[in-house]
Structures are given as C-alpha cells and as structure tokens.
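The values are calculated or read from the model by the stated rules, or taken from the named source; none is laboratory data. No experiment lies behind these values; they were computed from the predicted model shown. Please note: Cβ atoms are built from the backbone with ideal geometry, for glycine as well, and neighbour counts cover all protein chains shown. Note: accessible area is taken over every heavy atom of the protein model, side chains too, but ligands, DNA and RNA are not part of it. Shrake-Rupley method; radii C 1.70, N 1.55, O 1.52, S 1.80 Å.
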Amino acid sequence: MIFLSASVVSGVLLAGLTLPLVGGVGLTAQRTAESFEDIPVDFKTPPLTQATLIFDAKGGQIAKVFARDRTILTAEQMSPLMRHAQVDIEDARFYEHGAVDLKGIARALGKNAESGTNSQGASTLTQQYVKNVNVEIAGDDKDAVAEAQRKTLGRKIQELKIAIKLDKEMPKDQILTNYLNITYYGSGAYGVEAASQRYFGKSNKDLTVAEAATLAGIVQNPSQYDPVRYPETTTKRRNVVVDKMLENKHITADQAKEAKAAPLGLNYHAPRNGCITAQAGMGFYCDYVKHVVKQDPAFGKSAEERAKLWNTGGLKIYTTLDPDKQAAAQSAVSDSVRVTDSVSAAATMIEPGTGKILAMAQTRPYGLEKAKNQTTVNFNVDAAMGGGTGFQPGSTFKPIVAAAALEAGLPTTQEYPSPNRIDYPNMKTCDGTWRNDTRPKTTVPNESPNEKGPYQLKEAMARSINTYFVQMEQEIGLCAVKQMANKFGITTMASGKPLKEVPAMGLGVEEMSPLTMANVYATFAAGGNHCTPLAIDKITTVDGRDVPVPAGHCEKVISDETSQAVNTILNGVTVDGTGSALKLDGNRQIAGKTGTSDHKKAAWFSGYTPQLATSVWLGGPDGGVEMRDITINGHHYDEVFGADGPGPIWRDAMNRALKDAPKQTLPMADIPDPAPRQDPNATGTGTTAPPTTPPTRKP
C-alpha cells in the first residue's frame with residue numbers, strides 16, 4: 001500500500017492529470033498544500049438512500065417510494081462476475097495499488113502528452129467512490145451536487161486525501177462493495193441490484209457474463225451507454241468490458257466468445273416510483289403515510305430529521321390499511337360517481353377503539369394528469385396532511401352538539417319549541433358572548449316549511465331540525481360545543497384555521513375532512529373512547545431494526561350514559577329518520593347521520609357499527625358545485641341530500657366491508673318517545689296526531 005504525502009499529491013496534481021493548469025484555476029502551490037492540510041481527517045460514509053416499501057395490513061405491497069432507487073447488497077449477495085467486470089474496466093490494478101495508482105498516473109501523463117489533451121484520467125476506483133459519496137451527501141441540493149462534481153484542484157486534493165485514509169482503514173473488498181452499491185447506472189438506478197432489476201429484470205447474483213459486462217460498461221457514461229436508447233453503442237462497450245475480463249483471466253476464451261455473440265437481451269423495467277404506482281386507489285393512503293412520517297415528532301424532533309429519514313429510505317412500513325375494506329370503499333365510490341362527473345366522492349373507514357385507518361378511497365385517481373381528472377389532493381384528510389381545505393359537514397356535526405348537551409346534564413328527552421325559522425340568539429362563548437348584531441338579524445330555517453316544534457332530542461336528530469340544535473347551543477353555550485369538538489379530535493378546521501365559536505358551528509358550516517368525521521363517529525361506536533388516527537403499525541429498516549412509530553392513544557371523552565344515548569339517537573336516524581333507506585344487509589344494527597351543506601355544495605353520511613365507522617363525502621372537489629339539477633353517474637338529481645347521494649355509497653361500502661363479519665349490537669339507552677302532539681289542523685278538542693313522517697330526502 002502506498003501512502004503519499006501532501007507534497008507528493010500536490011505535485012502529481014500540478015502535473016495536470018485531468019485538470020487545467022494551476023494558473024487556470026487560480027491556485028498557487030502554497031495554497032494547494034494548505035488546502036490539503038485543512039481537510040477534515042474524519043470521513044464518514046453517509047447512509048445510502050434506498051427504496052422504501054409500504055405494505056398493507058396483510059403484507060401486500062402498496063408502493064415503492066424512493067429518492068434514489070437502490071437496494072444495498074453485501075459482497076456475498078453480489079455476482080462475482082459483476083465485481084470482476086467493474087474492476088477490470090475501471091481499475092484493473094485495484095487490488096495491487098494504494099489509493100493512488102502511480103503507474104496509471106504515468107500512463108495517463110504519457111497519453112495526454114501525446115495527444116496534447118487531458119482526455120486520459122487516472123482516478124482509482126477508491127477515488128471514484130469518494131466522489132460518489134460527496135455527491136450522495138449533497139442529496140437533492142443542485143448547488144451542493146455541482147460543488148461535489150467541480151473539477152478543481154482543491155476538490156481533487158480533498159478526494160485524494162480521503163481516498164488515502166479509506167485505503168488505510170477499509171479492506172479493498174469493502175471499498176468495492178460500497179462502490180457497487182453507490183454508483184449510478186442510468187435510468188434512475190443506483191447500485192448494481194437496482195441496475196440489474198432495471199435492465200434485466202433479475203437479481204444481480206443471477207447475471208450472465210454478458211449482462212454483468214453490460215452494466216459495468218454503463219458507469220463511465222450512463223447517458224452515452226444507455227442500453228435502451230443506444231443498444232449498438234452499448235453492445236460495443238459491453239464487448240470492450242468482456243475483452244478486459246478475458247485479459248485479466250476472470251473468464252475463459254469460450255465465455256468471452258459466447259458473451260460477445262449474445263444479444264443485448266434487455267428485459268427493461270421502467271422505474272416505478274412513489275405513491276402514483278399504488279393500485280386499488282391506495283395512492284392517497286400512501287401519500288398520507290408520507291405526511292405522517294414527515295410530520296409526526298415520533299420520527300424526529302425537527303422537520304429536517306424527519307425529511308432525512310423519509311428521503312434516506314431503506315424502510316419497510318407496515319400500515320393499518322385493510323386491503324379488503326379498501327377494496328370495498330374504493331368500489332363503492334367508483335361505482336357511484338364517475339371520474340368525469342363534476343363532483344367527486346371520498347370515504348374513510350376507521351376501526352373503533354383503536355383509531356386504525358382501515359381504508360381511504362376517492363373517485364378522482366391519484367396522479368398528475370389533470371386532463372384525466374387525476375389529482376394528488378387527498379379529499380379524505382386535512383390540508384396539512386396532503387388534503388384540501390375540507391368541506392362543510394352539515395348536520396353530521398349535530399351529534400357533537402347533542403353529546404355536549406348530555407354531558408352538561410340535559411336529559412335525553414330535552415324539548416325545545418323549535419319553530420320553523422328563528423333569529424340566531426346571542427350565545428355564550430369561551431371568552432365572552434356572540435351577538436346577532438346584523439341588520440336584519442341573521443336567521444336559521446329548517447329544511448321544510450312543515451317542520452315546526454316542539455321537538456325532543458331523538459326526533460329532532462331523526463328529522464335533522466336546525467332550530468332545535470341552535471336552541472340547544474344557546475342553552476349550553478358555544479364554548480361547550482367547541483370543547484366537545486376538541487375532545488373528539490377537532491381542534492381546527494381542515495385548513496388548519498382555528499374553530500370559530502359561532503351558532504352555525506353546530507350546523508356544520510366549518511369545513512372538515514372525512515377522516516376527521518369518521519373518527520368522531522368511531523368515538524361514539526367505541527363507547528366514548530376517542531383514539532388518535534393511526535396509519536402506521538410498524539416500521540423496520542432493511543437490516544431488521546425497528547423504527548419507533550407513533551403510539552396509539554385512546555381516551556375516554558364522554559360517559560357511557562352519553563355514548564349509549566347517542567347510539568340510540570343515531571340509530572333512530574337510520575330506523576325512521578332521514579337515513580331510514582340505508583339499511584345494511586341482514587338488518588345489521590347501525591347508527592349514523594345525514595348531512596347537507598349550504599347551497600347543496602357538499603353532502604355527507606357518517607355512520608357506524610361496533611366494528612367499523614365510515615364517513616362519506618360527496619361534492620365538488622373545489623367546493624364550488626351546487627348539487628341541484630345535476631347528473632351523477634348518469635342519474636339525474638333535482639337536489640342532492642345526504643340520504644340519496646353519499647348515503648348509498650356508505651351503505652354499499654359497509655355491506656362489502658362487513659360481509660363476513662359477525663353481527664354485533666350497540667349499547668343502547670332507553671329513551672321514551674314523546675307524547676303525541678296536538679294536530680294544529682284538527683277540528684275536535686283533544687284530537688292528537690303522531691309526529692309527521694320525515695321526508696326521505698333531508699340534510
């Protein structure tokens with residue numbers, strides 16, 4: 001092994017191997033020597049970026065994502081032919097010289113002198129490895145990459161010093177292994193394994209002589225020797241490598257003859273990277289997982305640390321996504337809304353009691369081609385997690401008001417006058433009072449002219465009486481509603497803006513995402529236990545080490561009595577209320593709520609069984625489509641409500657998802673029905689009438 005002093009190295013460089021004259025780069029001999037001494041002694045090889053694999057809950061691969069497509073191999077996992085081929089074509093004396101090849105330098109100097117150019121280089125494989133490491137450290141920073149590749153005297157000296165240090169401390173076989181894992185082989189393939197898969201569709205250990213020679217030849221110039229674009233040029237380069245392998249006695253003459261006679265034999269696999277490659281509508285879930293890794297403090301204290309973990313890759317991420325329930329949700333939204341419709345639909349499924357996100361589907365496919373109605377906006381989640389600004393949930397927010405009222409001590413038979421229309425009354429907030437000071441005063445109507453109270457809670461929820469819940473808000477105060485929303489995980493709107501304490505809050509005017517609403521209803525299904533949504537079950541590195549993941553956190557936020565009362569009230573919605581047409585197969589017990597926003601720009605159905613909570617949204621992707629006189633999936637609607645738009649999607653998704661699940665019942669409360677009310681149109685004294693049958697189409 002040869003160790004060169006700073007003066008020797010500087011002298012060699014000044015001789016002009018592949019560099020311009022010293023005067024051309026503005027360096028003096030003294031400054032060159034000084035820069036050599038200033039180079040840090042320690043050189044740490046960074047973790048190489050690799051592909052990350054994302055799996056569903058049953059072990060099926062969802063997607064492969066990478067900043068650089070690479071799979072790291074050990075020396076034993078590599079083809080010996082590949083190792084010989086790369087050394088023979090790039091640095092045949094690799095195992096004989098030190099970090100610097102003096103014979104190679106002399107040869108290069110002679111050839112350059114003959115030609116009058118600096119075309120012949122003498123960089124050893126170790127030096128090339130050091131340069132690749134510097135490029136790897138630079139990552140996606142274009143300026144840093146350019147700096148790492150600058151052909152300056154100072155940069156060359158720095159690489160040489162590190163190469164000398166590595167040659168002293170690292171076995172040659174390990175340097176070669178590292179080089180074969182880090183170097184670029186074109187077409188987005190880094191390292192020999194990714195290259196083998198890219199061009200030949202096989203593992204590196206299975207390469208033939210001709211295939212190994214082809215890959216080894218690409219490294220010198222991946223663009224020029226691109227086997228897909230320039231097969232003839234690549235074949236000539238391959239044959240040069242084969243000759244070198246024969247010259248160095250790593251193959252026989254017969255092997256060389258056979259390899260050179262063989263066709264290029266490509267089995268090219270175009271790079272498939274990122275969530276866009278996910279199937280069965282799982283691209284949005286994949287994208288959500290990426291946002292979790294980049295934002296959850298469990299994966300790093302700073303945004304930079306978390307981004308580095310994701311970009312470095314080499315992870316196996318096992319998610320909570322249930323492929324069967326994902327298929328159920330995706331089929332339901334796709335069968336009900338066309339990709340080309342002016343509106344879209346999205347559905348999120350959550351497991352009550354765990355917070356596990358089991359499915360995340362939407363009609364607009366994941367992608368970048370707007371002409372094909374593709375989008376990368378995940379309508380199921382908040383803006384911070386890759387979604388939009390959300391959609392008004394309408395009356396699906398009313399159960400939160402009811403839960404707040406019951407927790408405040410109001411009875412399940414609470415009654416209010418509930419006229420057909422009222423002015424919004426002044427209401428207490430957490431910090432003062434909300435006042436209806438507009439002129440004329442802001443009013444709130446019920447959906448139908450014949451909806452006039454008094455009503456009790458069960459019937460008011462079944463009929464979705466707006467004025468009832470406004471009067472309930474007035475009694476308990478807006479602060480109680482906001483605090484209950486917080487307990488259910490709603491701390492902001494989907495946009496990230498804070499919740500506004502206004503009376504219309506209880507009627508669902510503040511935009512939410514399906515994930516948020518599904519988790520609210522999962523809390524009811526779980527007996528009042530609210531769990532933070534979970535998308536990741538486990539993460540391991542390629543070498544089998546566990547990466548800490550966010551721990552599930554569940555907390556009791558409402559009493560059993562309140563939970564059971566809400567179950568009963570929401571079950572009533574599906575028995576004889578606005579959701580009565582949404583029965584599940586086998587008469588499986590359900591609870592849920594319809595919702596329609598202002599101007600029919602969004603319609604919802606959120607509901608649950610003990611095993612599964614699902615929230616479905618239907619509306620314009622940008623929130624600007626009024627669903628009146630509209631055609632969806634070839635069917636015309638005069639108006640779209642929660643019961644006839646998203647409701648059937650919810651029913652279909654739940655039927656498919658629960659097909660083989662045992663029937664379970666919800667814990668219920670005994671809530672007496674109200675006494676028959678006096679019929680205002682009756683002529684005789686004492687004549688009564690039962691509550692009016694609710695319409696089939698309601699918010």
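Examine the stretch 633-649 for a residue that is assigned to a helix (DSSP H, G or I) and open to solvent by 10 Å² or more (accessible area, probe 1.4 Å), and state whether such a residue exists.
Taking the stretch 633-649 first, the residues assigned to a helix (DSSP H, G or I) are 646-649.
Add one more test, that the residue is open to solvent by 10 Å² or more (accessible area, probe 1.4 Å), and what stays is 648.
Yes.
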Selection status of residue 232, without any contact (Cβ under 8 Å) to a residue 40 or more places away in the chain and open to solvent by 40 Å² or more (accessible area, probe 1.4 Å) | yes
Give the residues of the stretch 638-693 that are modelled with pLDDT under 85 and of a type in the set (Ser, Thr, Tyr), sorted by residue number.
-> 683, 685, 687, 688, 692, 693
Would you confirm whether any residue within the stretch 392-404 is in a loop (DSSP other than H, G, I, E, B) and either among the acidic types (Asp, Glu) or surrounded by fewer than 24 Cβ atoms within 10 Å (Cβ to Cβ) (or both)?
-> no
All positions within the stretch 517-553 that are surrounded by 15 or more Cβ atoms within 10 Å (Cβ to Cβ) and over 21 Å from the mean Cα position of the chain (by Cα) = 520, 521, 522, 523, 524, 525, 526, 527, 528, 529, 530
When only residues in the stretch 240-275 that are within 44 Å of the chain's Cα centre (by Cα) and open to solvent by 80 Å² or more (accessible area, probe 1.4 Å) count, which is farthest from residue 67 (Cα to Cα)?
-> 263
Under 7 Å by Cβ, and 6 or more places apart or on different chains, what pairs join a residue from the stretch 412-427 that is in contact (Cβ under 8 Å) with a residue 40 or more places away in the chain and closer than 26 Å to residue 563 by Cα with one that is among the small types (Gly, Ala, Ser) and outside any loop (DSSP other than H, G, I, E, B)?
-> 412/565; 414/405; 418/460
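Residues of the stretch 377-388 being modelled with pLDDT of 95 or more, open to solvent by 10 Å² or more (accessible area, probe 1.4 Å) and in a loop (DSSP other than H, G, I, E, B), which ones?
377, 379, 382, 386, 387
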Considering only the stretch 335-364, state which residues are within 15 Å of residue 278 (Cβ to Cβ) and open to solvent by 10 Å² or more (accessible area, probe 1.4 Å).
-> 364
In the stretch 434-447, which residues are assigned to a loop (DSSP other than H, G, I, E, B) and open to solvent by less than 30 Å² (accessible area, probe 1.4 Å)?
-> 436, 446
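Take the residues in the stretch 236-275 that are polar (S, T, N, Q) and either under 29 Å from residue 50 (Cα atoms) or in contact with a His (Cβ under 9 Å, 6 or more places away or on another chain) (or both); name whichever of them is modelled with the lowest pLDDT.
Of all residues in the stretch 236-275, those polar (S, T, N, Q) come to 239, 248, 252, 255, 267, 273.
Cutting the leftovers down to either under 29 Å from residue 50 (Cα atoms) or in contact with a His (Cβ under 9 Å, 6 or more places away or on another chain) (or both) gives us 248, 267, 273.
On the way: 248: 97, 267: 97, 273: 83.
Result: 273.
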Strands (runs of 3 or more DSSP E) wholly inside the stretch 519-632 that include at least 1 residues being closer than 30 Å to residue 317 by Cα, among the hydroxyl-bearing types (Ser, Thr, Tyr) and touching a residue at least 12 places away in the same chain (Cβ under 8 Å) = 536-541, 602-608, 613-619
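Just to be sure I understand, how many residues within the stretch 166-195 are more than 13 Å from residue 219 (Cα to Cα) and either free of Cβ contacts under 8 Å to residues at least 40 places away in the same chain or not small (Gly, Ala, Ser) (or both)?
So the count comes out to 14.
Out of the residues in the stretch 150-165 that are in a loop (DSSP other than H, G, I, E, B) and in contact (Cβ under 8 Å) with a residue 40 or more places away in the chain, state the one that is nearest to residue 139 (Cα to Cα). Give the derivation first.
The first filter runs over the stretch 150-165 and keeps only residues in a loop (DSSP other than H, G, I, E, B), leaving 150-152.
Now restrict to residues that are in contact (Cβ under 8 Å) with a residue 40 or more places away in the chain: 151-152.
Values: 151: 19, 152: 20 Å.
The qualifying residue nearest to residue 139 (Cα to Cα) is 151.
So which helices (runs of 4 or more DSSP H) stay within the stretch 74-145 end to end and still have 2 or more residues that are modelled with pLDDT under 90? Full working, then the answer.
On the way: elements: 80-90, 102-115, 125-138.
Fully inside the stretch 74-145 and qualifying: 102-115, 125-138.
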